[in-house]
Structures are given as structure tokens and as C-alpha cells.
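Below is one structure; the comments refer to it alone.
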Amino acid sequence: MSRLENTLKAIDLLHSNDPEIEEVNGESIPAELLYAQRMTEWMNKLEDNPSDEVQIAVRSQHLCRWEIPRKDYPMDRPGYLKWRTDLGKLHAQKAAEAMAANGYEEETVEATKKIIRKQNLKDSPEAQLMEDCACLVFIENGFLEFAAKYPEEKVIDIVQKTWNKMSDKAHDAALKLSLPDEALTIIKKALS
């Protein structure tokens, strides 16, 4: 196996430790492993020849997320932003360890960490690709569950913010998704 395959395997092994389990087609799968697989599926739909760095970054989006629970931070906007920053550092560090163990050079490791932490999002096509994947996974798989928890105005605001983070290519992909009518209704309101 290549160093990329070995690194992705090591990342998936970490994902498989997620205590949260999801049922998909009668199979129990650790939630973050499923999320990582969905992220990779979107990456492969959006990019024909992704670099090792972006493949590893996309696969590491929520790496060991359960180690830093949201409840450990204040339940306000600054608390949320601090939690997200700390998560980005954790994901990047875990991915860096897997990469180093499989022979990646420091320069490649550092480039991957920047993608994971979404540094220079608008100036980095690879960080933008990762953001597009995360937004599309959310719209396709988590949107309705999220929308059920909040008032419509808040959901519309979140959809608008999500849409603004996406590239035109991701917009096109999102508009082609087969979504339930209730999701489409909210998305159309947000985009009008």
C-alpha cells in the first residue's frame, strides 16, 4: 500500500473509535467514520485529481471530534468559535501524526494542516474544496435533523451563511441533490 493509503487507513482507524454509532442500511458505523466517507465521496465528485494533502485533509475533517465536546465550552458565539478553533487544531495534529508515521515530509504535513484548519479559505482552492465537501455533506445528510431543532429564521440564516462559504461548483452540486420537499422549501426561501 502507498503512504497515502496507509495514512487514510490510520485516520479511519481513529474515526472508528467514535462512540457515536449510526445505522445505515442495517449496518452500524461509527458516526465520524461515516462522515469521513461522505466527505471523501463529495471530494471525488468535485475534484478529478485531488492531491494527497487534500485527500488527507478531507478525510480528517472531524478526526477525533468526540475528544473535545461542545458542552465543555460556553454556549455562546465566542464559546462556539473557540471550540471550532480547538477542534481544527486537534484534527490537524492527529492527521499530522498519521502522516509523519507514514513518511510524509514536514512541508506536506504543514500544507495539510493549513487545509484542515481552513486557513486562507478564499485563496486556497484545496481549503475551498474541503469547505465545499463539508457544506454538501451537511445539506445532503444533516440538514433536516438540524432544521427540526431551530426556528425557521435561524435555519434560513444558517443556510445563507453556508451557501456563502461554497464555491459555484458546490452550488451547482447542491442544487442537483434530491432533497425532501421540506428541505427544498427552506433552501429556496434562504436563496430568494
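The values are calculated or read from the model by the stated rules, or taken from the named source; none is laboratory data. Note that the structure is a prediction, hence the values are computed from the model and not measured. Every residue, glycine as well, gets a Cβ built from its backbone with ideal geometry; the counts of neighbours run over all protein chains shown.
Hey, any hits in segment 22-36 for a residue that's within 16 Å of Ala127 (Cβ to Cβ) and in the same structural domain as Lys94 (by TED's automatic domain parsing)? Give the derivation first.
Looking only at segment 22-36, we keep the residues that are within 16 Å of Ala127 (Cβ to Cβ), and these are none.
No: zero hits.
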Practice task
Name, by its number, the condition in (1) touching a Leu at 6+ places or on another chain (Cβ under 9 Å); (2) assigned to a helix (DSSP H, G or I); (3) crowded, with 21+ Cβ neighbours inside 10 Å that does not hold for Asp18.
Solution key: (2)
Fill in the blank from the handout: Reported set for segment 124-159 where residues are loosely packed, with under 13 Cβ neighbours inside 10 Å and over 26 Å from Asn44 (Cβ atoms) is Ala148, Lys149, Tyr150, Pro151, Glu152, Glu153, Lys154
Exercise for the section: Kindly indicate whether any position in segment 46-59 is surrounded by fewer than 21 Cβ atoms within 10 Å (Cβ to Cβ), aliphatic (A, V, I, L, M) and either part of a helix (DSSP H, G or I) or out of contact with any Phe, Trp or Tyr (no Cβ under 6 Å at 6 or more places or on another chain) (or both). Expected result: yes
Fill in the blank from the handout: Taking first residues from segment 115-126 that are farther than 14 Å from Gln55 by Cβ and second residues anywhere that are among the polar types (S, T, N, Q), the pairs with Cβ under 8 Å that are 6 or more apart or on different chains are Leu121/Gln128; Lys122/Gln128
Exercise for the section: State yes or no: is Leu129 closer than 22 Å to Leu33 by Cβ, in a helix (DSSP H, G or I), touching a Pro at 6+ places or on another chain (Cβ under 7 Å) and in the same structural domain as Leu184 (by TED's automatic domain parsing)? Expected result: no
Completion exercise
Given the conditions (1) assigned to a helix (DSSP H, G or I); (2) surrounded by 17 or more Cβ atoms within 10 Å (Cβ to Cβ), every one holds for Lys118 apart from (1)
